[in-house]
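The values are calculated or read from the model by the stated rules, or taken from the named source; none is laboratory data. This one's a predicted model, so the numbers in the text were calculated from it and none came from an experiment. Every residue, glycine among them, receives a Cβ derived from its backbone with ideal geometry; neighbour counts consider all protein chains shown. These area figures cover heavy atoms from the full protein model, side chains too; ligands, DNA and RNA do not enter into them. Shrake-Rupley method; radii C 1.70, N 1.55, O 1.52, S 1.80 Å.
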Amino acid sequence: MSGLVKFLRRPIASTLVAVLVGLLIAILLVLVTGYDPLQTVATLVHGVFGSPKYITNVIIKATPILLTGVAVSFAFRTGLFNIGAEGQYILGTIVATIVGVSVNLPAVLQIPLVVLSGALGGALLGALIGFLKARLGIHEVITSIMTNWIMLYLCNFVVSSEAFHNPNSNTAYPINPSGYTMILPQWKVSDEGIEYLLQHPWLRDVLLKTDLNVGFLVAVFVAIVVGILLKRTKLGYQLRAVGLNKDAARFSGIAVERSVVLCMLISGGICGLAGALNITGINPHTLSTLVAQEGYGFNGLSVAFIAGCSTVGCIPSSLFFSALMYGGMTVQQVVGVPSEIINIMIGIIVFFTAIPSMAPWIADAIERRRSRENKNLAQETKGEEA
Amino acid sequence: MQTVILLLGITLMYATPLVFGALGGVVSERAGVTNIGIEGMMVIGAISAAVTGYFTQNPWIAFIVAGLFGALMALPHAIASVSFAADQTVSGVAINLLAPGIALFACRRFFDGAAMSPMVVKLPRILGEEWMKGTSWANLNVNVSTVIAILLAILVWFVMYKTKWGLRMRAVGEHPAAADTLGINVYKTRYICVLISGMLAGFGGASVTIGIISRFTQTAIAGQGFIALAAVIFGKWTPFGACGACALFGATQALAIILGGGELPIPSTVLSMLPYVMTIVVLVLFVGKSVAPKADGVPYIKGSR
């Protein structure tokens, strides 16, 4: 029992308590709607782990939100709320598409060019938001919200423009295949590759039925590098100092304005990278007309907050988030449970992660109760003795 | 002349839900609680109004119920940020995740699994349904929620700046410890303000579903709450400032619509950007620095310094 109390005092416990509460409420809602909760959970698990294809798709869908999650975490740790991740992501997709369609180089050059230009697009937008804040004091939340919409319409503008519109569709032209970042894209459809894959059904599932690409590896790498940057370098120290106390940071000689711009530049760049990797990595390799925000940036907020704004923590948190969303779709198709229950569940989890004092509070309550019981016990034994 | 009337009419229509949301933001943030969750509370208002309107056939009851449910959605935010000293940004984001899920869940429950409500009763127009019908003047015959929004803005201003209670509320948002030493109950004040904030946002949601489109859809509230949030900051956390920002935003929306109907060779996507670009331009040129209430977003823990 005292092990439980000790566990509840550790930071990870808050996250687990949050997940548990979220799960319980979701199961309750499933019961209310009259479905079988056991079957629902079983289907969810099957929808995530049931086949190599499912697992691969979860990883693919985790990639962009891992990156936007890292971007949001990074900004949050340096005192900025990057609610503009969505717009920076979209600009990443726009720039990557424009460059990927207009330029056609060998893959070794094309891939870095497309990916980095997408990242640069996001970075510049982030830097603009940072600059407006640092120089003119315009709150980053306003400019972020506005740029999210501006980028959405910019995307639609590019899709419908004469130069890029793919006739008879609601998409732009796909990028040149030399920019694709899927794993072994040519080999897996060649005769030799198909023959090999036929003998290895597991690998066939992973490679042929999905757009498995290098994006997730890049994203994990970025998460770790940004984590090291924040924790182990002088620059990271400065950025965090600005986040904790702007005035103290300025007093100790840190250029606060520069650090705000730099921080938004990096955060935006990571979001842009997320967008670019989605263009190079998965079908249809181009922009589509957007009717509403797709949520890659907003889901990044959830990923970051579930991870407690630890960039490395975003890796499990993005996989968890992606598994819930992907498995939730299967649940809706197979069992019929409406998938918005998954959204409610994620909301509840994020809500409880907002309260890091929750788990220690439970620990205190347990301890108080126990000491009261002990006291009662002591009094009873005393009474018996008398 | 006709264009001017049309412009004014569309401006009022677009600005009304924003004004409710922005007033909600002002009330909460001036008491020291950041409210990113306005969007979510508006969504809850929108669905509650549609459901109540459908079953009671009475738009007034629907409007009030929307406010109540908006406040109910604000309650978890209040508990987390006031009692548990939670991170208010995270809690607000959670509200925005929760609310659309709950709204859709409720919609499916009440309307046989449909993701959209049937047509519901609408709030009446201020000059009756028949006034100048068919002329451009009819655009000015807005529904009553616009008037309610304006009256509420005046009321919020009056309470905030002309009453003892408003002074206390602002004190709590600027320096809660000082307010506490003067015997003001910081927790209670913040709870009340967050709940009122939710109520106002709920009204805002209702003003969309039973004021403008007369049904609930998943995209009924698509970002208005965030625009309202921006308007709060734009208006420097004052009720009239925020209303002005909403009006400006509504006007640029109206301009974009009217230009879109004209013969100008501008793509519609570019016109759609106009309101957002204009907002940033106006901020850069005229408004500049905005300073939040000092204790905005900072949880108050008794006895801490």
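For the B and A pair, go ahead and give the buried accessible area with a 1.4 Å probe, both sides summed, in Å² to 100. Don't jump to the answer; show the numbers that get you there.
On the way: alone 14430 and 19490 Å², together 30190 Å².
Counting protein atoms only, the buried area is about 3700 Å².
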### Query
Averaged over all directions, how much area does the convex hull of the C-alpha atoms of the protein assembly as shown cover when projected, in nm²?
38.2
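For the protein assembly as shown, give the percent of accessible area contributed by carbon and sulfur heavy atoms, probe 1.4 Å, rounded to a whole number.
Numbers: 20150 of 30190 Å².
Answer for the protein assembly as shown: carbon and sulfur cover 67 percent of the accessible area.
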### Query
What does the average come to when, for each residue of peptide A:134-140, you count the partner chain Cβ atoms lying within 10 Å of its Cβ?
5
### Burial order of peptide ranges B:273-279, A:182-188, A:221-227 (average beta-carbon count within 10 Å, highest first)
B:273-279, A:221-227, A:182-188
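Rank these residues by their accessible area, most exposed first, probe 1.4 Å: B:F69, B:F105. Intermediate results must be reported in sequence, preceding the final value.
Working: B:F69 95, B:F105 25 Å².
Result of the area sort, largest leading: B:F69, B:F105.
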## Note on the structure
Which of A:E140, A:E86, A:E257 fluctuates most in a GNM of chain A (C-alpha springs under 10 Å)? That residue is A:E257
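Using the Kyte-Doolittle scale, which helices in chain A average at least 0.5 and also have C-alpha atoms spread 27 Å or more along the helix axis, with helices defined as whole DSSP H runs? Numbers along the way, then the final one.
Details: long enough: A:11-32 (33 Å, 2.86); A:52-77 (36 Å, 0.98); A:107-136 (42 Å, 1.71); A:140-160 (29 Å, 1.29); A:256-281 (37 Å, 1.38); A:314-334 (29 Å, 0.97); A:358-385 (40 Å, -1.42).
Those that pass (Cα extent of 27 Å or more, hydropathy at least 0.5) are A:11-32, A:52-77, A:107-136, A:140-160, A:256-281, A:314-334.
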### Task
Can you tell me the 0 to 90 degree angle between the C-alpha axis of helix B:186-209 and the longest principal axis of chain B, rounded to 10?
10
### Query
For peptide B:289-301, how many partner chain Cβ atoms fall within 10 Å of a residue's Cβ, on average?
1
### Task
Go ahead and set up a Gaussian network model of chain B, Cα springs under 10 Å, then flag whichever of B:P239, B:P267, B:P59 fluctuates most.
B:P267
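With contacts defined as alpha carbon pairs under 8 Å and 6 or more residues apart, what's the relative contact order of chain B in percent?
Values: 583 pairs, mean separation 112.5, N = 305.
Reported as a whole number, the value is 37 percent.
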## Note on the structure
Any lysines whose Cα falls less than 22 Å from that of B:K162, other than same-chain ones fewer than 8 residues away, would be B:K188, B:K236, B:K294
### Task
Please build a GNM for chain B, connecting alpha carbons under 10 Å apart, and tell me which residue among B:T146, B:T238, B:T89 fluctuates the most.
B:T89
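What number comes out for accessible area per residue over chain A if the probe is 1.4 Å? Units Å², please. Could the numbers behind the result be given before it?
Working: 17640 Å² over 386 residues.
Ligands and nucleic acids excluded, the result is 46 Å² per residue.
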### Query
To the nearest Å, what is the center-to-center distance of segment A:191-226 and segment A:317-386, using C-alpha atoms only?
37
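What is the packing order of peptides A:113-120, A:347-354, taking the mean over residues of other C-beta atoms within 10 Å and listing the highest first?
On the way: A:113-120: 23.5, A:347-354: 26.4.
Going from most to least packed, we get A:347-354, A:113-120.
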## Note on the structure
Across A:297-303, the residue-averaged tally of Cβ atoms belonging to other chains within 10 Å stands at 2
### Query
By accessible area of protein heavy atoms, probe 1.4 Å, what ranking do B:C243, A:C271 get, highest first?
B:C243, A:C271
### Query
When N is the residue count of segment A:57-337, what does its C-alpha Rg come to as a fraction of 2.2 N^0.38 Å?
1.04
### Summary
Expressed in square angstrom to the nearest 10, the accessible area of A:K231 with a 1.4 Å probe stands at 130
#### Entry: segment B:59-75 versus segment A:2-41: alpha-carbon centroid distance in Å
29
## Note on the structure
Filtered hits (lysines, Cα-Cα < 28 Å from A:K53, offset >= 8 within chain) -> A:K61, A:K188, A:K209
